[in-house]
1. Give me the strands (runs of 3 or more DSSP E) completely within the range 106-204, filtered to those with at least 1 residues that are within 24 Å of residue 77 (Cα to Cα), at pLDDT 95 or above and under 20 Å from the mean Cα position of the chain (by Cα), ordered by residue number.
2. Examine the range 5-16 for a residue that is of a type in the set (Asp, Glu) and either in contact with a strand residue (DSSP E or B) (Cβ under 6 Å, 6 or more places away or on another chain) or surrounded by fewer than 13 Cβ atoms within 10 Å (Cβ to Cβ) (or both), and state whether such a residue exists.
3. Give me the pairs: first residue in the range 78-92 and buried (at least 20 other Cβ atoms within 10 Å of the Cβ), second residue in a loop (DSSP other than H, G, I, E, B) and of a type in the set (S, T, N, Q), beta-carbon distance under 7 Å, and six or more apart or on different chains, which are they?
4. Could you say whether any residue in the range 334-352 is farther than 20 Å from residue 66 by Cα, within 20 Å of the chain's Cα centre (by Cα), of a type outside the set (Ser, Thr, Tyr) and not in a strand (DSSP E or B)?
5. Report, by residue number, each residue of the range 229-265 that is touching a Pro at 6+ places or on another chain (Cβ under 9 Å) and closer than 19 Å to residue 157 by Cβ.
6. Failed condition for residue 266, given (1) over 20 Å from residue 3 (Cα atoms); (2) surrounded by 18 or more Cβ atoms within 10 Å (Cβ to Cβ), with all others met?
7. What's the number of the condition residue 254 fails, among (1) within 17 Å of residue 311 (Cβ to Cβ); (2) modelled with pLDDT under 95?
8. Look at residue 304 and say whether it is part of a strand (DSSP E or B), in contact with a Lys or Arg (Cβ under 8 Å, 6 or more places away or on another chain) and either within 26 Å of residue 181 (Cβ to Cβ) or at pLDDT below 95 (or both).
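The values are calculated or read from the model by the stated rules, or taken from the named source; none is laboratory data. Keep in mind that this is a model prediction, so the values were computed, not measured. Quick reminder, even Gly has a Cβ in these numbers, built from the backbone with ideal geometry, and neighbours come from all protein chains shown.
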Amino acid sequence: MDAPVLTRFDVAAELPRGENNPRNSEGDFALLKDGSVLFAYSRYTGSDAHDDAACDVAGLLSTDGGRSFVPLGQPLATAAELRTQNIMSVSLCRLPDDTLCLFYLAKFGPRSAVYLKRAKEGGGLSFGPPELCVPQKRDIYYVVNNARVTLSPQGEVLLPLARHAIVNKNGRRSGVYFGSACVWAGDAHGKNWYQKSKVLTMPYPGHSGTGLQEPGIEPLPDGRLYAYFRTDRHFQYESFSSDGGAVWTRPVPSVFTSPDSPMLIRRNPFSGLYYALWNPIPNYNGRIEPGRRWINAGRTPFVLAQSEDGERFSPYTVLEDDPGHGYCYPALHFLSEKEFLLSYCCGGEEDGMCLTRTRIRRGTLG
């Protein structure tokens, strides 16, 4: 296939940091029953933008097909509901029973857990109380990315999780720890959660300091599941499952070159085509970086490729390539065969780091 062509790529919303709001980052989209589009995202409060700092889940709403967004008056979910400080990494997923669910990561000191809230639609939008999906586990810190919850061909709800062994220093996690991955699943009603797969690890890790991080899953046309993993080995790693996510092939490097940054693959339900979003240039030794490297973490350029089968992808189209900014943690929502909404972190030197600013664009494919 040829590289995707964009005839329009307009900014629909920009979420910079502000007073008592040091960071606005990763989110996800959902189409509501009244035709409006919801965007849920991690909204930090106070003065600290660190991953574990005070954060709730906020929302924007579009009633004009994603051309513009307005803030909702109240948060969609708060850390205070769980008597903690930080909830983040949002996924929105409409279950097979037609219930819209908001999934998010909740942090409890060095441990974490995954919760969902069920939407009540009609005469407005509200969400019910938090429900536990993945409980805390001793000495394990879970990570589930934004826009990651997936429905399997068998009708289960799949949660791809990274697992990090906790190194506890003065009651807090300290540093970055080697990651493994596993899949949790719930039924079509978002109930009866269990660990579906064994733990996946990076084979022959060598000098890797990260292992497998921030996994994602996308169903393929032949019924298999494709999983991809962030690593520090200059490639996204990949794995396949032929039984709905219980057994996986050994993770190996994929065709997607990448720095230590997440990727996203999503199928357009209107056209059947698959789209991949990632940063293709590795953080190789000797690469010249403007300013402080950690500002963009090598996460530029930001590109889009397409595929008919979810495995063989076209050459990519560059979406963003400012070397002073980093582009990461995307969410992709299709409005039609040609129109889509895309969100991603896009901060630069003026923002303090790439994670503090989020942008929403409305695009049209040629």
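1. Numbers: elements: 111-121, 125-127, 131-134, 140-143, 157-165, 179-186.
Where strands (runs of 3 or more DSSP E) fall fully within the range 106-204 and carry at least 1 residues being within 24 Å of residue 77 (Cα to Cα), at pLDDT 95 or above and under 20 Å from the mean Cα position of the chain (by Cα), they are 111-121, 131-134, 140-143, 157-165, 179-186.
2. So the first thing to find is which residues in the range 5-16 are of a type in the set (Asp, Glu), and the list is 10, 14.
Next, only the ones that are either in contact with a strand residue (DSSP E or B) (Cβ under 6 Å, 6 or more places away or on another chain) or surrounded by fewer than 13 Cβ atoms within 10 Å (Cβ to Cβ) (or both) stay: 10, 14.
Yes, there is a match, as at least one residue in the range 5-16 is of a type in the set (Asp, Glu) and either in contact with a strand residue (DSSP E or B) (Cβ under 6 Å, 6 or more places away or on another chain) or surrounded by fewer than 13 Cβ atoms within 10 Å (Cβ to Cβ) (or both).
3. Note: pairs meeting the criteria are 79/85; 89/145; 89/146; 90/146; 91/146.
4. The answer is yes, given that some residue of the range 334-352 is farther than 20 Å from residue 66 by Cα, within 20 Å of the chain's Cα centre (by Cα), of a type outside the set (Ser, Thr, Tyr) and not in a strand (DSSP E or B).
5. Scanning the range 229-265 gives 244, 245, 264.
6. Here residue 266 meets the rest and fails (1).
7. Unmet for residue 254, out of (1) within 17 Å of residue 311 (Cβ to Cβ); (2) modelled with pLDDT under 95: (2).
8. Working: part of a strand (DSSP E or B): yes; in contact with a Lys or Arg (Cβ under 8 Å, 6 or more places away or on another chain): no; either within 26 Å of residue 181 (Cβ to Cβ) or at pLDDT below 95 (or both): yes.
When the stated conditions are applied, residue 304 does not pass them.
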